[in-house]
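Asker: One structure, pasted below without further comment.
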Amino acid sequence: MSRHPLPERVEIRDVGPRDGLQPEAPVSVADRIHLIDALQDAGVKRIEVAAFVSPRAVPAMAGAADVLTGLRRRPGVAYAALVPNLKGAELALAAGVDELTVTISVSEAYNQSNVKMSTAESEAVVAAVCARAGAVPVDAVVSCAFGSPYEGDIAPTRVAALAARLLASGCARITCADTTGMATPRRVDELVDATGPDIGLHLHDTRGTALVNAYAGLERGVRRFDTAVGGLGGSPFAAGAAGNLATEDLVALLDDLGVATGIDVEALVEVAALVAEMVDHPVPGRVATAGPLTRRAAPDR
């Protein structure tokens, strides 16, 4: 196990408009575009904006093509969309997506619950999506990378083996997801030992460890992170799973460490307030509530 010097810069993909809003009551296409615009204004350069899934299955993601065609594209910003199959990929590509994300679980039971296929069947779907995507990169998000709600612990070697097969099938990137909130710094270390640091981390805060797990990944050389503004999100197939690591929480920590993201944390706090209005409830992100370290508390009287 080797620790790395902290990097000068990391890459953050905000998945709030997709993963964050997916379990919520549907938000209008216009409001979702407004959220994406606000994230861009805050300096976010990679955004997962939609999911090309059945609106009957996931009503909150209806109108995915309208979101992509209606947003104001900015130079240097990459717009990603989640696709479950080849049909979804074709629709996303037609809408002008810059990156496709696909999900596949190293846990057979979770994969069956999520997409009604075995992991091997999902691998074949991912390969077909990669072939259809051509020059558009495909990021395979490996769910349950730190444990399964159905199977318990998952050996890191299983994750690494699946990741290797996905890369061989044409995926450009691998992102390891803590779908159930089972990750700890020790488990992050063990996973990176098996996979190497050229992975993304998609962390959930179910047990309050998402930020410390991100720091553990940072120390091991991981340079890509998925987050959601406000800390929204969660899996309907993992009982008790909480939302994603809040974008503003990670950016505030990285700012203090001197690690650049290009993202304005004060602007993110305003975006978190905006998304709270959209979903009509408070967001769980800590910095959204307390403010970043740059804010000074009023002295006690």
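Asker: Multiply the residue separation of SER54 and ALA135 by 0.36 nm, subtract the distance between their alpha-carbon atoms, and state the gained length in nm to one decimal.
Answerer: 26.6 nm
Asker: Send over the Kirkwood Rh of the stretch 66-148, from the inverse of the averaged 1/r over different Cα pairs, rounded to one decimal Å. Before the final figure, lay out each step's value.
Answerer: Working: mean 1/r = 0.0742 Å⁻¹.
By the Kirkwood definition, the hydrodynamic radius is 13.5 Å.
Asker: Tabulate in residue order the Karplus-calculated ³J(HN,Hα) for the stretch 245-258, using 6.51 cos²θ - 1.76 cosθ + 1.60 with θ = phi - 60°, rounded to whole Hz; enter x for Gly and Pro.
Answerer: 3, 6, 4, 5, 5, 5, 5, 4, 5, 5, 4, 5, 7, x
Asker: List the relative contact order of the stretch 69-172 as a percent without decimals, with contacts defined as Cα pairs under 8 Å and 6+ residues apart.
Answerer: 28
Asker: For every other residue with a beta carbon closer than 9 angstrom to the beta carbon of ALA210, add +1 if it is Lys or Arg and -1 if Asp or Glu, then tell me the sum.
Answerer: -2
Asker: If you don't mind, another one. What is the sum of charges, Lys and Arg at +1 and Asp and Glu at -1, for the other residues whose Cβ falls under 14 Å from the Cβ of GLY43?
Answerer: Net local charge, GLY43 excluded: -4.
Asker: Here's a follow-up. Within the P(r) computed for the chain, what percentage of the Cα pairs occupies the region above 35 Å?
Answerer: Working: 5326 of 45150 pairs.
Of all Cα-Cα distances in the chain, 12 percent exceed 35 Å.
Asker: To the nearest Å, what is the center-to-center distance of the stretch 19-35 and the stretch 133-161, using C-alpha atoms only?
Answerer: Going from one Cα centre to the other spans 26 Å.
Asker: Counting only residues 5 or more places away or on other chains, whose amide H sits under 5 Å from the amide H of ARG13 once H atoms are built in the peptide plane?
Answerer: PHE225, ASP226, THR227
Asker: Mind checking the log10 I(q)/I(0) for the stretch 148-195 at q = 0.31, 0.32 Å⁻¹? Debye, one equal scatterer per Cα, no solvent, two decimals.
Answerer: Result of the Debye calculation: -1.25, -1.27.
Asker: Right, next: Report, in debye and to the nearest 20, how large the dipole of the chain comes out about its Cα centre when Lys and Arg carry +1 and Asp and Glu carry -1 on their Cβ.
Answerer: Working: 27 positive and 37 negative charges, 75 e Å.
In total the dipole reaches around 360 debye.
Asker: Using Cα-Cα distances under 8 Å and only pairs 6 or more residues apart, what relative contact order does the chain have, in percent?
Answerer: Details: 652 pairs, mean separation 61.0, N = 301.
About 20 percent, as a whole number.
Asker: If I take every Cα pair under 8 Å that is 6 or more residues apart in the stretch 101-146, average their sequence separation and divide by the length, what percent do I get for the relative contact order?
Answerer: Numbers: 46 pairs, mean separation 26.8, N = 46.
About 58 percent, as a whole number.
Asker: Along the charge dipole of the chain, Cβ charges K/R +1 and D/E -1, which of ALA194, VAL129, GLY285 sits furthest on the positive end?
Answerer: Comparing the listed Cα positions along the dipole, VAL129 ranks first.
Read-outs: derived from the displayed coordinates by stated rules, not from any lab. What you see is a predicted model, and the numbers here were worked out from it, not measured in a lab. Reconstructed Cβ throughout: ideal geometry from the backbone, glycine too, with neighbour counts over all protein chains shown.
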